[in-house]
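Worksheet for the structure shown next.
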Amino acid sequence: MKLKKTQVCIVGSGPSGLLLSQLLHNAGISSIIVDRQSRERIQARVRAGVLEWGSVDALDEAGVGRRMHRDGLPHDGFDLIFDDDLHRIDVKALTGKQVMVYGQTELTIELIARRLEQGCEIIFSAQDVQPIDVESDRPKVRYTKIGEMVEIECDYVAGCDGFHGAARQAIPSRVLKTFERIYPFGWLGVLVEQPPVSDELIYASHERGFALCSMRSQTRSRYYVQCPLSDTVEDWSDQRFWDELALRVGADVAGKLRTGDSIEKSIAPLRSFVAEPMRYGNLFLAGDAAHIVPPTGAKGLNLAISDIRILWRALIEHYKKANDTWLDRYSEICLKRVWKVERFSWFMSTMLHQFPEFSGFEKRMQRAEFDHIVGSETASRSLAENYVGLPLEM
Ligand code: APR
Ligand code: PHB
């Protein structure tokens, strides 16, 4: 068996793990990242694309914002359409802030390149990754690579390995509480090399189901439609997708839609999930390993970034000032914010989708939510405030 040592061992090379590693490096703290996937697979995943301005600032502070500012698109607002009635949420006017439309895939590619350039060890394609001895003061991460077993000894393990990872499993079931809601539908997403239908995002609720018009650049668009969980991508030819999207966004938007051959097509389920606590011994969970939000509020990546900022601050206090107060409060501080963001994501999802179990009453409630937002600047501002990102109370 081979042994390695580092200060913080990070499980997972997604945005959470990579950003943490970058921030620690900037402060002179060492880390090693272990991921079960290959670099190619990680860099090929198409994920969400909206950054809160607090996330933009965090990436700038970490020194990884150059490409984001070059290629990202700052947005001042977005449209809500409910049964063909359109209401613009003027995020900038309501909150004074913008959001940045920038693909998580691009961010991940840049973070991996930067970490490797700076000499960080990232172990890709590791098998049987397992945090061990996390209750002790010498926790380890064990894995196998090309038939050889390796143990990385460290001060702390950061579990940044997503919803299906191994880190959360290392917390005994008598300690771990989980809260979950699975939605009875999925999102079928299509990426296409065509200019977006509008300069801003459009979230549409229609009796045929939810639809979202988003983008990755001025020439590349990302669209979604709500679909049954039993559907597969084979059920959805490009033509069927465009026809369905056109019906759901209404004639005005549909008239401007630039369709084409899809370059990526996938179906994702929608889930709300929270694990408590986010710390066990010297293991800290962050990002999707600890919580999942349905994508309707565009919060998954942003929530991961805020966990990492809180964890990073706590680790700095430990290493630079021998102060463990913030490590001790990590779970409590994160979860306060996590639940507020869960609430917003659940609210947006519930307002805008068709639920098979909803009766006439719930459908009228959905419409009333929309009408309330349209008619009340206070309600619009509340929505906008959540969309641009709640303050990070650190
Ligand atoms: N061992 C090692 N690595 C693992 C394991 C495991 N058992 N399981 C998963 N991983 C890796 C995955 O291959 C992936 O690269 O952990 C990484 C987790 O990355 P993400 O799923 O992107 O999670 P996170 O970094 O927290 O980013 C959150 O991702 O899902 C989106 O909406 C979410 O945007 C948010 C962001
Ligand atoms: C995306 O562009 O992929 C996207 C944008 C906004 C969302 C979800 C996904 O709410």
Efficiency of FRET from Cβ geometry, Arg174 and Leu3, R₀ 30 Å, rounded to 0.05: 0.45
Low-density loop cleavage sites - trypsin sites (Lys or Arg not before Pro) in the stretch 256-334, where at most 13 other Cβ are within 10 Å (DSSP): Lys256, Arg258
Looking only at GluC sites (Glu not before Pro) in DSSP loops with at most 16 other Cβ atoms within 10 Å, what is the longest site-free stretch of the chain? 208-356
Accessible surface ranking that places the most exposed of His164, His75, His87 first, with a 1.4 angstrom probe: His164, His87, His75
Given only helices, namely DSSP H runs of n ≥ 4 each adding -39500 (n - 2.57), what is the per-residue ellipticity at 222 nm of the chain, to the nearest 500 deg cm²/dmol? -11500 deg cm²/dmol
For Gly49, what charge total do you get from the other residues with a beta carbon under 15 Å from its beta carbon, if Lys and Arg give +1 and Asp and Glu give -1? 0
About its Cα centre, how strong a charge dipole does the chain have in debye, to the nearest 20, once Lys and Arg get +1 and Asp and Glu get -1 at the Cβ? 880 debye
With r defined as the distance between the Cβ atoms of Gln239 and Asp84 and R0 fixed at 25 Å, what FRET efficiency is calculated, to the nearest 0.05? 0.65
Run the reach check for Lys336 against lysines, Cα to Cα strictly under 17 Å, same-chain hits fewer than 8 apart removed. What comes back? Lys177, Lys299
Shape call, the chain: gyration tensor on alpha carbons, a/c limit 1.5: prolate
Over the chain, what percent of the accessible surface lies on carbon and sulfur atoms, probe 1.4 Å? 49 percent
Can you return the lysines within cross-link range of Lys145? Criterion is Cα-Cα under 20 Å, with same-chain partners fewer than 8 residues away left out. Lys2, Lys4, Lys5
With all protein chains modelled, accessible area of Lys336 [1.4 Å, Å²]: 140 Å²
Can you give me the C-alpha center-to-center distance between the stretch 127-177 and the stretch 355-384, rounded to a whole angstrom? 43 Å
I need the chymotrypsin sites (Phe, Trp or Tyr not before Pro) found in the stretch 287-373, filtered to DSSP loop residues with at most 15 other beta carbons within 10 Å of theirs. Phe358
Pop the C-beta distance of Asn26 and Asp324 into the FRET formula with R0 = 25 Å and round what comes out to the nearest 0.05. 0.75
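The values are calculated or read from the model by the stated rules, or taken from the named source; none is laboratory data. These numbers were taken from a predicted model, which means no experiment stands behind them. Glycine gets a Cβ as well: all are built from the backbone with ideal geometry, and neighbour counts include every protein chain shown. The protein model used for the area step is the full one, side chains on, heavy atoms only, and it has no ligands, DNA or RNA in it. Shrake-Rupley method; radii C 1.70, N 1.55, O 1.52, S 1.80 Å.
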